[in-house]
Amino acid sequence: EIHAILLEYGLPATFPEEVELEANELDTSIGEDEIAKRRDMRKVPTFTIDPKDAKDFDDALSIQQLENGNWEIGVHIADVSHYVRPGSLIEQEAYKRATSVYLVDRVVPMLPEILSNVACSLRPNEDKFTFSGVFEIDEKGSVKNTWFGRTVTHSDRRFTYEEAQEIIEGKDGDFKEEVLILDRLAKIMRQKRMKYGAINFDKVEVKFNLDEAHNPTGIFFKIAKDANKLIEEFMLLCNRKVSEFVSLDKNGKENGNTYIYRIHDDPNPDKLLDLKNFIRQFGYELDLGDRKTTIHSMNKLLAEVKGKPEENMIETLAMRTMAKAKYTTENIGHYGLAFDYYTHFTSPIRRYPDMMAHRLLQDYLDGKKSPAVAVYEDKAKHCSSQEKIAAEAERESIKFMQVKYMEQFVGQTFDAFITGVQDYGIFVEIPETRCEGLIRSRAMSGDHYSYDEKNHALVGRNTGVKYQLGSPVRIKVLNADLLKKQLDFELVDA
């Protein structure tokens, strides 16, 4: 089934033999000649913080205190473009894929394993070539100085998010002081970002416990804690600062340099108005003024619905008002993050745009002229469309695993709530598993139902009974169709 998903989306299961051969012949040694050309940061305390099942560590943080009391924080990114050269077979294959794809039980990587998990992975106790942003940050979380360039680093420790989280919550451990300082600075920077108008969507990821045969034995949710947010904050800082560095001259004026931006357009005003009108019936308000007012009000709404039965529904609807982020050479800023300049720089192992961002930055550091925009705009479009395909395939694999997991519960009843309403039926989700199924309107007994699009509801023509987005219902699992990746439910009672 997972192979079928790969096929359906035109995703490769393996690398062409000639690409593997070329990768295996690369010189991955850390040679003295190359070290001499770089800033040597191997003596500075450095570590990675990643998910416990991660194999590619593409970012590390270093920290040391300067004589003036400020902190020098290095964001070190795997120097993928040192190994992957323009025109090579590896490069062509990476461009074609444009992104790694994370399915439930496997990764379809953008780069062959020798690069993604070995040469470019910032593994502990190994010297690595990196491309770094080094920031001087004061106690108030303000950036005083910025340096970009190629480095050689040495990760002293690999933390999982859980281990770093335990230190943040008070447990003793390696680099305790460093982790706590980074956490403190990250929190200040995050607070500033929120104040400046970033949107606070805390996305919950559905994850599965799989047995030896890759069958799902349980479902759990990945929720971002302080350790995740610490890494996120420094990656956001690096992405933003690189983008500003390339795009602005000494006086803060745009210099016309070609670059790859990650942009996020303003939300659709009609959708925002629909959301405002819809949430009123639940007693919530949305103030649609200027950009800042709207976002402040949106964040307030997202905080208010936390833990309420309608949380998931209102979060989903709020997300649907948003534009999709994409890659382009035409910068319009990033609405959701509230950044005027933003790029993707920090994950070149799994995203091709980051590799382009690295190469362009190096060209500008070397004083080269800005290249023609058209070539990069084409590449940006290709990367955006591949990203979309990857996201759809990832969703399909999650859906498949959810249906497979629910097979064992056919005939059983659950409390659920309505997550979607169409003229042909209602979509219902079981909160413990986030598994969604369909109840067809023709199978809903006792009345004929009309679709009220504006209020996201099905309304009984005779009884006036209303099945509305967010309403709690009790359902029975009728059928789990693996081929269609679909669950069918029936109403037990509303």
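The values are calculated or read from the model by the stated rules, or taken from the named source; none is laboratory data. Since the model is a prediction, treat every value here as computed from it, not as a measurement. A quick note on method: Cβ atoms are made from the backbone with ideal geometry, for glycine too, and the neighbour counts reach across all protein chains shown. Heavy atoms of the whole protein, side chains included, go into the accessibility calculation; ligands, DNA and RNA do not. Shrake-Rupley method; radii C 1.70, N 1.55, O 1.52, S 1.80 Å.
Worth a mention:
- Checking Gly464, Gly425 one by one, the residue that is out of contact with any strand residue (DSSP E or B) (no Cβ under 6 Å at 6 or more places or on another chain), of a type outside the set (Ser, Thr, Tyr) and on the phi > 0 side of the Ramachandran plot is Gly464 and no other.
- Residue within region 148-160 that is crowded, with 17+ Cβ neighbours inside 10 Å, among the acidic types (Asp, Glu) and without any contact (Cβ under 8 Å) to a residue 60 or more places away in the chain present: no
- Filtered residues of region 188-216 (kept if closer than 25 Å to Ile63 by Cα, open to solvent by less than 40 Å² (accessible area, probe 1.4 Å) and over 18 Å from the mean Cα position of the chain (by Cα)): Met189
- Summed over region 402-429, the residues that are hydrophobic (A, V, I, L, M, F, W, C), within 30 Å of Gly10 (Cα to Cα) and open to solvent by 20 Å² or more (accessible area, probe 1.4 Å) give a count of 1.
- Lys399, sole failed condition from (1) open to solvent by 50 Å² or more (accessible area, probe 1.4 Å); (2) closer than 13 Å to Ser81 by Cβ: (2)
Yes/no matrix, rows are residues, columns are (1) open to solvent by less than 60 Å² (accessible area, probe 1.4 Å); (2) assigned to a strand (DSSP E or B); (3) of a type in the set (D, E, K, R); (4) within 21 Å of Pro348 (Cβ to Cβ):
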{"position": "Leu6", "(1), (2), (3), (4)": "yes, no, no, no"}
{"position": "Phe15", "(1), (2), (3), (4)": "yes, no, no, yes"}
{"position": "Leu21", "(1), (2), (3), (4)": "no, no, no, no"}
{"position": "Asp33", "(1), (2), (3), (4)": "no, no, yes, no"}
{"position": "Arg42", "(1), (2), (3), (4)": "no, no, yes, yes"}
{"position": "Phe47", "(1), (2), (3), (4)": "yes, yes, no, yes"}
{"position": "Lys52", "(1), (2), (3), (4)": "no, no, yes, no"}
{"position": "Lys55", "(1), (2), (3), (4)": "no, no, yes, yes"}
{"position": "Ala60", "(1), (2), (3), (4)": "yes, yes, no, yes"}
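- Exclusive hit being closer than 28 Å to Asn277 by Cα and without any contact (Cβ under 8 Å) to a residue 24 or more places away in the chain, set Arg434, Arg461: Arg461
- Restricting attention to region 176-187, the residues that are buried (at least 16 other Cβ atoms within 10 Å of the Cβ) and out of contact with any Leu (no Cβ under 9 Å at 6 or more places or on another chain) total 1.
- The one condition in (1) touching a strand residue (DSSP E or B) at 6+ places or on another chain (Cβ under 6 Å); (2) of a type outside the set (Lys, Arg); (3) touching a residue at least 24 places away in the same chain (Cβ under 8 Å) that Glu205 fails to fulfil: (3)
- Scanning region 145-183 for residues that are under 30 Å from Ala36 (Cβ atoms) and either among the acidic types (Asp, Glu) or touching a Gly at 6+ places or on another chain (Cβ under 6 Å) (or both) yields a total of 3.
- Among residues of region 74-86, those that are touching a residue at least 12 places away in the same chain (Cβ under 8 Å), in contact with a helix residue (DSSP H, G or I) (Cβ under 7 Å, 6 or more places away or on another chain) and surrounded by fewer than 24 Cβ atoms within 10 Å (Cβ to Cβ), counted: 2
- Within the option set Glu93, Glu126, Glu136, being of a type in the set (Asp, Glu), at pLDDT 95 or above, within 14 Å of Pro12 (Cβ to Cβ) and more than 22 Å from the chain's Cα centre (by Cα) holds for one residue only, Glu93.
- Qualifying residue in region 343-364 (condition: of a type outside the set (Phe, Trp, Tyr), without any contact (Cβ under 8 Å) to a residue 12 or more places away in the chain, closer than 30 Å to Phe129 by Cβ and open to solvent by 10 Å² or more (accessible area, probe 1.4 Å)): yes
- Some residue of region 316-335 being modelled with pLDDT under 95, open to solvent by less than 10 Å² (accessible area, probe 1.4 Å) and assigned to a helix (DSSP H, G or I): yes
- Residue satisfying all of: in region 456-475; in contact with a Leu (Cβ under 8 Å, 6 or more places away or on another chain) and open to solvent by 30 Å² or more (accessible area, probe 1.4 Å); modelled with the highest pLDDT among these: Arg474
- Residues (of a type in the set (A, V, I, L, M), within 19 Å of Leu469 (Cα to Cα) and part of a helix (DSSP H, G or I)) located in region 263-297: Leu272, Leu273, Leu275, Ile279
- Screening Lys300, Lys292 for residues that are in contact (Cβ under 8 Å) with a residue 40 or more places away in the chain and open to solvent by 70 Å² or more (accessible area, probe 1.4 Å) leaves exactly one candidate, Lys292.
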